[in-house]
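Engineer: Mind looking over this structure? Questions follow.
The values are calculated or read from the model by the stated rules, or taken from the named source; none is laboratory data. In this text, all values refer to a predicted model and were calculated from it rather than measured experimentally. Note: ideal-geometry Cβ built from the backbone for every residue, glycine included; neighbour counts use all protein chains shown. All accessible areas refer to the heavy atoms of the entire protein, side chains included, with ligands and DNA or RNA removed. Shrake-Rupley method; radii C 1.70, N 1.55, O 1.52, S 1.80 Å.
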Amino acid sequence: MTGTAVPAVPAFPYRRAAGCPFDPPPQYAELRKEAPVSPIRLWNGAVAWLVTRYEDQRAVLADPRFSSDVTRPGHPVQSAGVFARRDPDRLPFLVQDDPEHHRTRRMFTAHFTVKRIAAMKPRIQEVIDQLLDAMEAAGPPADLVSAFALPMPSLVIGELLGVPRGDHGLFQRAARTLVTLDSTPEQARAAAGELAGYLDELIAVKDRDPADDLLSTLVVERVRTGELDRAQLVENAVLLLGAGHETTANMTALGTLALLHHPEQLAVVRDGAPARVANAVEELLRYLTITHSGRRRVATEDVEIAGTLIRAGEGVVLANDAGNRDETVFPEPDRLDVDRAGARRHIAFGHGIHQCLGQNLARAELQLAYPALLRRFPGLRTTVPDSALRFKEDMLVYGVHELPVAW
């Protein structure tokens, strides 16, 4: 990064202010006004550009001159655990560029359409009701994370892919290591290898005896036809399994905590019509933006963003929690407003060709989970102050490690 004074570059990620568990780091508001593209130092000592304005982030995400390929020199990877097994020929589609990205992603797209996910809603509701039944039967107190927020999306994505229920602990444990910011390269490689080895064996079983699940369908329709080799399916299954539960689990717990802080907003989610609940989910996604480590790209040629020249080979970090609090797009951005007009303009799911494949599933799970939980336990409350909670600033996906509740 030509001309950058190394000692002056601040370390990233920034920390939240004490006592503000729902708000992004306070530096972002100043950066949006004074230095919307500014240098930062990453965990591995590399220097990259931090982009904090909403429109600039969308511009980068839509620009093919910025690559998602984590094997490219200069790519600002989030941690040692991100795609620890980097075979450039078998990257998951999330970190591929077109045309390879489009070729691989289209094999999965049909399984996550609005229509396909709508058909899954009755089963998602069954999973939710069964977990709430178990919570009610056990009685208070409970940890909302382990009793509900984590198993709900784990069971759903596990059933969708065809992962036996008894094996969920393995993928939850491995995924936790891969999204922990301070995991060592050795720990990350071991976790990635364990999860990939498990899925490789599971896919071999599906090949011998296909069932009615996504992995079986992909084996029969894509692997056997030669469109996708088994190793590529393994890498993409690792992505789907991890992303399919970690994000929704954290949104479920953290969103519930945010609503408990705003009783009038909670009442809307608990009692509102489906369309109003859907908008509330969009606002919670914007307000919390749990993918707080930002989306990452590397420039493949010189590009100017907001008056700053980003040279080929330089990394870019898009702080989407800063973008979702941009006051030029979202008036009073630090206020939770479940009836906010335009809440769905958020970039919590990204933008452009890499916009989250599973967003329809995540929306369906959250739209069903919040009202069901709040109606079942109208007296739901936390049993400890926020100061006693452990927030996931050490993880790629923000949330709470535990959420003790009673009712």
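Engineer: Only Lys, Arg, Asp and Glu count, each charged at its Cβ (+1, +1, -1, -1), so figure out the dipole size of the chain about its Cα centre, rounded to 20 debye. Please report the intermediate quantities before stating the final value.
Structural biologist: Values: 46 positive and 53 negative charges, 53 e Å.
Computed charge dipole of the chain: roughly 260 debye.
Engineer: Would you kindly compute the Cα radius of gyration of the stretch 273-381 and its largest Cα-Cα separation (Dmax), both in Å?
Structural biologist: My reading of the Cα-based Rg and Dmax gives 17.0, 56 Å.
Engineer: Using all alpha carbons of the stretch 303-363, what is the percent of pairwise distances in each 5 Å bin, ordered from the shortest bin to the longest?
Structural biologist: Percent of pairs per bin, in order: 4, 13, 20, 19, 20, 12, 7, 3, 0.
Engineer: Sticking with this structure for a sec: Between D386 and A341, how many nm apart are label points set 7 Å from Cα along the C-beta direction?
Structural biologist: Placing both labels 7 Å beyond Cα along the Cβ direction yields 2.9 nm.
Engineer: Roughly how big is the stretch 88-229's charge dipole about its Cα centre, with Cβ charges of +1 (Lys, Arg) and -1 (Asp, Glu), in debye to the nearest 20? Kindly include the intermediate steps, with their values, before the conclusion.
Structural biologist: Numbers: 16 positive and 23 negative charges, 73 e Å.
Computed charge dipole of the stretch 88-229: roughly 340 debye.
Engineer: Under 28 Å between alpha carbons, and skipping anything fewer than 8 positions from K115 in its own chain: which lysines qualify?
Structural biologist: K115 reaches K206.
Engineer: Still on this structure, I have one more. Arranged from highest to lowest average of other beta-carbon atoms within 10 Å per residue, in what order do the peptides 273-282, 385-394 appear? If you can, show how the numbers build up before the last one.
Structural biologist: On the way: 273-282: 16.9, 385-394: 12.9.
So the peptides 273-282, 385-394, ranked by packing, come out 273-282, 385-394.
Engineer: Moving on. Provide the descending list of Cα extents for the stretch 26-76 along its principal axes, expressed in whole angstroms.
Structural biologist: 33, 27, 12
Engineer: Give me the accessible area per residue for the chain, probe 1.4 Å, as a whole number in Å².
Structural biologist: 41
Engineer: Same structure, new question: Averaged over every viewing direction, what's the projected area of the C-alpha convex hull for the chain? Give it in nm², one decimal, please.
Structural biologist: Numbers: hull surface 76.4 nm².
The orientation-averaged projected area of the Cα hull of the chain comes to 19.1 nm².
Engineer: Report the gain in length on full extension from D209 to A118: 0.36 nm times residue separation, minus Cα-Cα distance, nm rounded to one decimal.
Structural biologist: Details: separation 91, 0.36 × 91 = 32.76 nm, distance 2.76 nm.
Difference between extended and current length: 30.0 nm.
Engineer: For the stretch 20-161, what is one quarter of the convex hull surface built on the Cα atoms, given in nm²? Walk me through the numbers on the way to the answer.
Structural biologist: Working: hull surface 50.8 nm².
Mean projected area for the stretch 20-161: 12.7 nm², to one decimal.
Engineer: With runs of 4+ DSSP H residues as the only contributors, calculate the mean residue ellipticity of the chain at 222 nm using -39,500 (n - 2.57) per run, divided by the residue total and rounded to the nearest 500. Walk me through the numbers before you get to the answer.
Structural biologist: On the way: 13 runs with 180 residues, N = 407.
Calculated from helices alone, the mean residue ellipticity at 222 nm is -14000 deg cm²/dmol.
Engineer: Could you look at the chain and say what percent of its accessible area is carbon and sulfur, using a 1.4 Å probe and all protein chains?
Structural biologist: Details: 8790 of 16700 Å².
Carbon and sulfur: 53 percent of the exposed surface of the chain.
Engineer: Based on the Cα coordinates of the stretch 144-227, what is the per residue volume of their convex hull in Å³? Display every interim value, and only then the final one.
Structural biologist: Values: hull volume 9.0 nm³, N = 84.
Cα convex hull per residue, to the nearest whole number: 107 Å³.
Engineer: Cα-based Rg (one decimal) and Dmax (whole number) for the stretch 322-407, in Å?
Structural biologist: 15.8, 43
Engineer: Determine, for each peptide in 96-102, 177-183, the mean count of other beta carbons within 10 angstrom over its residues, then list the peptides with the highest first. Mind showing how you got there, number by number?
Structural biologist: Working: 96-102: 15.3, 177-183: 19.4.
Ranked from most to least packed, the peptides come out as 177-183, 96-102.
Engineer: Once Rh is set to the Kirkwood radius over Cα pairs, what Stokes-Einstein translational diffusion coefficient, in µm²/s, holds for the stretch 212-256 at a temperature of 4 °C and a viscosity of 1.567 mPa s? Working shown, then result.
Structural biologist: Details: Rh = 11.9 Å.
So the translational diffusion coefficient is about 109 µm²/s.
Engineer: Additional query: If each Cα of the stretch 270-321 is one equal point scatterer, what is log10 of I(q)/I(0) from the Debye formula at q = 0.17, 0.20, 0.29 Å⁻¹?
Structural biologist: Debye intensities relative to I(0), on a log10 scale: -0.66, -0.75, -1.02.
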